[in-house]
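No lab work stands behind these numbers, since they all come straight from the coordinates. Model, not experiment: these values are computed from the prediction. Positions of Cβ are generated from backbone atoms using ideal geometry, with glycine treated the same way; all protein chains shown enter the neighbour counts.
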Amino acid sequence: MKLRKNEVHGREKIDVPMTPMIDIVFQLLVFFIMTFKIVAMEGDFNINMPQAAAGAPSTSLQVPMKLKLRAGPNGALQSVALNNTSFDGNAREKFAQLQDAIVQQIGVADGPSSAQEESEIEIDADYQLQYTYVIEAITAVTGRIDPKTGEVQKLIEKIKFAPGAGG
């Protein structure tokens, strides 16, 4: 098989102009360089660590507070007890008393190694208890609005649930 050349048939050779192609490539390169956003490395956080305190580090392991929520008929809240201390009144009053008891135990001071940060509560709720009461209990133990300043005060952040018997 014989190959024929384009000149033989009278066709002209097609020239591709390289200058406009190079211009477009440089324009795209400049565009991508100018729109590139440099992102901080993952895990590069601006953290201010507290100064080292004199003395040995605290190794006290606090036993978690025990909150028992007991259900009455139809899943209504019957009793609320924190570390075997029961609260009286309707559900709203019981949770207000619970919140006051927690504030008395841990205070409202926050920050590193504060009682608020290290405290833990274990919620033991009856299986038949309505879910809204569990949510109200979690709301009562995690924080409150300061009556004087109107700011949110964090209380207990570590919450766990006691394994239930099911049913």
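Tabulated data
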read-out	value
Segments 120-131, 27-38 sorted - mean Cβ within 10 Å per residue, highest first	120-131, 27-38
Amide H contacts of Lys158 (H built 1.01 Å from N, under 5 Å, at least 5 apart or other chain)	Ile121
Distant-in-sequence amide H partners of Lys66 (H built 1.01 Å from N, under 5 Å)	Asn83, Glu122
Semi-axis lengths, Å, the range 65-161, gyration tensor of Cα atoms, sqrt of 5 times eigenvalues	24, 14, 11
